[in-house]
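Inspection log for the structure reproduced underneath, given as structure tokens.
The values are calculated or read from the model by the stated rules, or taken from the named source; none is laboratory data. Every value quoted in this text rests on a predicted model; they were computed, and no experiment measured them. No Cβ is skipped: glycine too gets one built from the backbone with ideal geometry, and neighbour counts run over all protein chains shown. For accessibility, only protein heavy atoms count, side chains too; no ligands or nucleic acids. Shrake-Rupley method; radii C 1.70, N 1.55, O 1.52, S 1.80 Å.
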Amino acid sequence: MTINNENKNNGETASSAESSINLEASRRNFIFGSVAAAGLTVAPGMMLYQTANARSLSDFSLKDGASSKVRWGMLVNTTKEVDWNKCVEACNKEHGLGNEKDSRDDQKTQYIRVVDVKNKGTGYSMSLPVMCQHCENAPCVDVCPTGASMKRADGIVLVDRHRCIGCRYCMMACPYKARSFVHEVLTDQTENTPRGKGCVESCNMCVSRIDNGQEPACVEASEGAIIFGDLNDPETPIAKILAKHGGKQIRADLKLNPGVHYQGI
Amino acid sequence: MKKLHFLEVEGNTKGFYSFLGLFGLISLIGVLAAYYMEHNGHWVTGMSNQVIWGTPHVFAIFLIVAASGALNIASISSVFAKTSYKPLARLSGILAISLLSGGLVVLLLDLGRPDRLIVAMTQFNFVSIFTWNILLYTGFMGIVGIYLWTMMDRPYNNLTKKAGMAAFIWRLILTTGTGSIFGFLIAREAYDSALLAPMFIIMSFSFGLAFFLLFLMGSYKYTQRELGDYIVNRLKNLLGVFVAAVLYFVIIYHVTNLYSADHRGITQFILTSGGIYTFLFWVVQIALGSLVPLALLYGPTGNNRTMVGTASVLIILGGLAQLYVIIIGGQAYPMQLFPGMEVSSSFYDGVVAVYAPSLPEFLLGLGGVGVTLLLATIAIAAMKFLPASLSDEVADPHGK
């Protein structure tokens, strides 16, 4: 197994084409991390030791819990010709969504959706995936009376399903309509996403995958159009592209500082 | 002025048991409706991921807002030393507690996980205005309880003014908190306004007094106790002032929203193009719930008890319509993910959400009103909340 952090060595500039190169770097970095993690793990979620200087996904596995040195984020490039529905399908599969039997369409859970946007004046239109934006100043976390809606130290916004009382105030507060309420009894949930009637849920950035050194499911399915990584580490591809080309946040005017950034919106 | 004398309502009568049975039945139906919704999940309701809070919340928030308003009569007596309101202070306190209980029952039973009440009572997030409301509600019960005690236990009468002051301040904070549940939601255009907190306070004055007046007139009528014109006229004049004040806030709220371009959409939606919400606003809230009651209370019909009662009922219906428009209309209007752009998605972005209240939701809300009336009815039979007579000789401090 060769340990080779290409990402740090390459001096590529980040144009649209380059971002995919960087993404490849990110992937390699990530794959390396996963393999390393697998090699060093004695039991699921428990690691013996970590590599010295590579800040890859596996460095932030469950051993030490989530670290506030990290801020996980995503960068969505909406200019790429991608079938965003593949991301939706991957998400649904990963989290076992779409298994409602009785709920109306407007009651069914969606963690990620494809939003079509059109400028009435110019006629310009685009599509983009919208999921929980994992805000730094998350309104859902602020308003939750029990603290069930919470932000992990690494910036991932989650719902503690054992604490959620189903008041739905977080859904009222979220400007991105990112949350869903489970309207019926569910069975056959996936192992990593314990969903249940009467609780609120939303995209958790595939936290269990991240904790296992994997990328979120939508990122994996996005054919390179979504980059995932640590926004705090200037050496990560996501941080480099954002530093060089910038990105936009949806409703940036609300100053919630989402962890999900977009290009081309 | 005759001496004021408080007396329990005779409990062992057919009439009393009829009311107890009726209110108990309404409460029971509400609980069964809640059980049905909880057992199946919220898919049996009209609520969705678009309209998150539905009819139960309209009733719950109405009752909670009215609770703090019902306490006003006691506050006017103890805090502002208006002796003519003193005979009504005890009823004012117990109605406040009953209304709050009814509202909280509805709020609790509509939770996705009402079985986790203990979590809500033990795990607090102090950044959340909801958490503060939980503390404000329980505190309100305690403070009004103490306030009632100082009123009803003679050795402690000298503490009434202090307890009344504490309760008055607490209720102002409480309604500010209730209004802020909405006022703190930056995401939704309908709610993003600091005006909501004071508007909720003045709404509480109006709804609470309308409910108080109805309960007062009803209980005196069915117990054949004397209720003089002096008290009723004072209360109905006060009620008219409150209705006008609510109207003032409604106008300011919409006019300021119309002025700012980013709030114009929701205001135009409510005022002109919102379908059921526009109808409820103009016809029920403004015409039937505000203008007609004002005419009834201040016009030549002002001395007619039936008309005062009708006005109070209309004010309550108008209040429910107002909260329906604020709560459900505010959610039905789409959130602006990309302001100025046309948006659409599988998650109903960019479209007005459809909401039709289901029967169980309505019955749960009504159940809250049943709980309120049940508690208040039991209370006036169990303890000395109502004066034996409120004839003008008793009530009018300047009377003979």
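Scanning segment B:341-376 for residues that are open to solvent by 60 Å² or more (accessible area, probe 1.4 Å), assigned to a loop (DSSP other than H, G, I, E, B) and within 30 Å of A:Tyr262 (Cβ to Cβ) returns B:Met341, B:Ser346, B:Tyr348, B:Val351, B:Val352, B:Val354. Applying the set (1) over 30 Å from B:Asn233 (Cβ atoms); (2) open to solvent by 30 Å² or more (accessible area, probe 1.4 Å) to B:Gly139 leaves exactly one unmet item: (2).
Might you check whether a residue that is closer than 29 Å to B:His39 by Cα, open to solvent by less than 10 Å² (accessible area, probe 1.4 Å) and within 12 Å of another protein chain (Cβ to nearest Cβ) occurs anywhere in segment A:119-129? No, there is no match, as no residue in segment A:119-129 is closer than 29 Å to B:His39 by Cα, open to solvent by less than 10 Å² (accessible area, probe 1.4 Å) and within 12 Å of another protein chain (Cβ to nearest Cβ). Can you name the residue in segment B:142-166 that is among the aromatic types (Phe, Trp, Tyr) and open to solvent by 30 Å² or more (accessible area, probe 1.4 Å) and, of all such residues, is nearest to B:Leu107 (Cα to Cα)? Per the stated criteria, the residue is B:Trp149.
Residues that are among the small types (Gly, Ala, Ser) and touching a Ser or Thr at 6+ places or on another chain (Cβ under 9 Å) within segment A:107-142 comprise A:Ser127, A:Ala138, listed in sequence order. The sole residue among A:Val185, A:Val130, A:Val219 that is assigned to a helix (DSSP H, G or I) and either touching a helix residue (DSSP H, G or I) at 6+ places or on another chain (Cβ under 7 Å) or at pLDDT 95 or above (or both) is A:Val219.
Looking across segment B:134-160, the residues that are out of contact with any Leu (no Cβ under 8 Å at 6 or more places or on another chain) and within 14 Å of chain A (Cβ to nearest Cβ) come down to B:Ile134, B:Leu135, B:Thr138.
Summed over segment B:4-21, residues that are without any contact (Cβ under 8 Å) to a residue 60 or more places away in the chain and either touching a Phe, Trp or Tyr at 6+ places or on another chain (Cβ under 9 Å) or not polar (S, T, N, Q) (or both) total 3.
Selection over segment B:191-219 of residues that are open to solvent by 10 Å² or more (accessible area, probe 1.4 Å), closer than 23 Å to A:Arg168 by Cβ and part of a loop (DSSP other than H, G, I, E, B) gives a count of 2. Checked against (1) within 12 Å of chain B (Cβ to nearest Cβ); (2) open to solvent by 10 Å² or more (accessible area, probe 1.4 Å), A:Ala138 passes all but condition (2). Of the residues examined, A:Arg152 is one that is of a type in the set (Lys, Arg), open to solvent by less than 50 Å² (accessible area, probe 1.4 Å), farther than 23 Å from A:His183 by Cβ and more than 8 Å from chain B (Cβ to nearest Cβ).
The residues of segment B:332-353 that are under 16 Å from B:Asp262 (Cα atoms) and either of a type in the set (Ser, Thr, Tyr) or more than 7 Å from chain A (Cβ to nearest Cβ) (or both), listed by number, are B:Tyr333, B:Pro334, B:Gln336, B:Pro339, B:Gly340, B:Gly350. Cβ-Cβ distances below 9 Å connect no pair with a first residue in segment B:115-127 that is more than 9 Å from chain A (Cβ to nearest Cβ) and at positive phi, a second residue that is open to solvent by 80 Å² or more (accessible area, probe 1.4 Å) and outside any helix (DSSP H, G or I), and a separation of six or more residues or different chains. If you go through segment B:21-28 one residue at a time, do you hit one that is assigned to a helix (DSSP H, G or I) and out of contact with any helix residue (DSSP H, G or I) (no Cβ under 9 Å at 6 or more places or on another chain)? Yes: segment B:21-28 contains one or more residues that are assigned to a helix (DSSP H, G or I) and out of contact with any helix residue (DSSP H, G or I) (no Cβ under 9 Å at 6 or more places or on another chain). Of the set (1) closer than 22 Å to A:Arg209 by Cα; (2) touching a helix residue (DSSP H, G or I) at 6+ places or on another chain (Cβ under 9 Å); (3) of a type in the set (A, V, I, L, M, F, W, C); (4) open to solvent by less than 10 Å² (accessible area, probe 1.4 Å), all apply to A:Leu158 but (4).
Is at least one residue of segment B:77-95 farther than 25 Å from B:Gly318 by Cα, away from chain A (no Cβ under 14 Å) and touching a Lys or Arg at 6+ places or on another chain (Cβ under 6 Å)? So far as segment B:77-95 goes, yes, one or more of its residues are farther than 25 Å from B:Gly318 by Cα, away from chain A (no Cβ under 14 Å) and touching a Lys or Arg at 6+ places or on another chain (Cβ under 6 Å).
Within segment A:194-211, being free of Cβ contacts under 8 Å to residues at least 60 places away in the same chain and either more than 14 Å from chain B (Cβ to nearest Cβ) or in a helix (DSSP H, G or I) (or both) holds for A:Val207, A:Ser208. Scanning segment B:62-90 for residues that are aliphatic (A, V, I, L, M) and open to solvent by 10 Å² or more (accessible area, probe 1.4 Å), we see that the one that is nearest to A:Ser103 (Cα to Cα) is B:Ile76.
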